[in-house]
Amino acid sequence: MKRLNKYWLLAIGCWLLAGAAQAQMIRSGKISYERRTNLHKKFPDEETRRWIGNEKYKYDNFVLYFNDTMSVFVFEDSPNPGRGDWATVKNNHVTFLNQNVRHSLLNIMGEEAVIIDTLKRRPFKRLGKKREIAGFKCQMVRFDQDDSTRLYAWYCDAIVPGVGPETYLGLPGAILGLATEDGGVVYFAKNVETLVPDFKTVTPKYKATKGMTEAEMRQMLVDKMSGSPWASMVLKELFMW
């Protein structure tokens, strides 16, 4: 009987520990990111640097609201706009995880353009490295965009939905860090809050009926900017994420 009681106590203990671990898993909330852009790496020519002035780094803030089925990634207006505000792109993204659909709201020369397309699924390579971001232990992976472009991401499996900044998602947990290989652009989470998002309130207003696929949007911009010396840079900036 004593041995039986020990088994029961052990089983109850394991059940309580499993319940406590499950309670720590975050399934909905709000992640605040800071994006740092090295403007000198982005614009190496002297003429553009004169426009930028002494502002080497541009900091932008974004917020990601999420649950198991949806996420909304939005730019936060700065209370103290700087001279280099024009130098970075501020796209918003509404992602329907259970429908495999994304709505990307691009800001193109002050006008909003809407992309309606499937989610981007990118292969990744685990690197076995870890770091702490916003108080969470994260695993490092690498995305190979193409033969010459690599990006690095840090995800946290304690935040269950595989969401992330911009269009990056699909990892075994939320992405809390994202960076280009040269460190020219870096996203890092500053804070994570557990809450139930009110998507009706946090989702930006836009007209989905005017949406195009990403391929259609690219072609439209290529046609409009034909002959412009800025065309390749604008396209790369808009679609790099």
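Every number here is computed from the coordinates shown, using simple stated rules; none is lab data. What you see is a predicted model; the values in this text were computed from it and never measured. Methodologically, a virtual Cβ is constructed for each residue, glycine included, from the backbone with ideal geometry; neighbour enumeration extends over all protein chains shown.
Quick notes
- Positive-pole candidate from Leu169, Val234, Asn54, dipole of the chain, charges at beta carbon: Leu169
- Per-residue Cβ neighbour rank within 10 angstrom, fewest leading, His40, His93, His103: His40, His103, His93
- Among Ser104, Ala153, Phe43 the positive-end extreme of the charge dipole of the chain (Cβ point charges): Ala153
- Listing Arg126, Arg36 from fewest to most neighbouring C-beta atoms within 10 Å gives Arg126, Arg36.
- Karplus-derived 3J(HN,Hα) values for segment 226-235, using 6.51 cos²θ - 1.76 cosθ + 1.60 with θ = phi - 60°, are 3, x, 7, x, 8, 4, 5, 5, 5, 5 Hz; glycine and proline are entered as x.
- By the count of other C-beta atoms within 10 Å, a proxy for reagent exposure, Arg49, Arg121 are ordered fewest to most as Arg121, Arg49.
- Here the Karplus relation 6.51 cos²θ - 1.76 cosθ + 1.60, evaluated at θ = phi - 60°, turns the backbone of segment 36-41 into coupling constants of 10, 10, 7, 5, 6, 6 Hz, with x for every Gly and Pro.
- Taking the C-alpha atoms only, the angle from helix 2-24 to the longest principal axis of the chain is near 20 degrees.
- Prolate/oblate/rounded label for segment 152-241 (Cα gyration tensor, a/c 1.5): oblate
- Cα centroid of segment 82-124 to Cα centroid of segment 172-223, whole Å: 5 Å
- With an a/c value of 1.5 or above and a/b not larger than b/c for the gyration tensor axes a ≥ b ≥ c computed over the alpha-carbon atoms, segment 33-143 is described as oblate.
- Rounded to the nearest 20 debye, the dipole magnitude of segment 25-210 is 420 debye, with +1 charges on Lys and Arg beta carbons, -1 on Asp and Glu beta carbons, and the Cα centre as origin.
- Scattering profile of segment 25-210 at q = 0.09, 0.10, 0.15, 0.19 Å⁻¹ [log10 I(q)/I(0), Debye over alpha-carbon scatterers]: -0.33, -0.41, -0.94, -1.42
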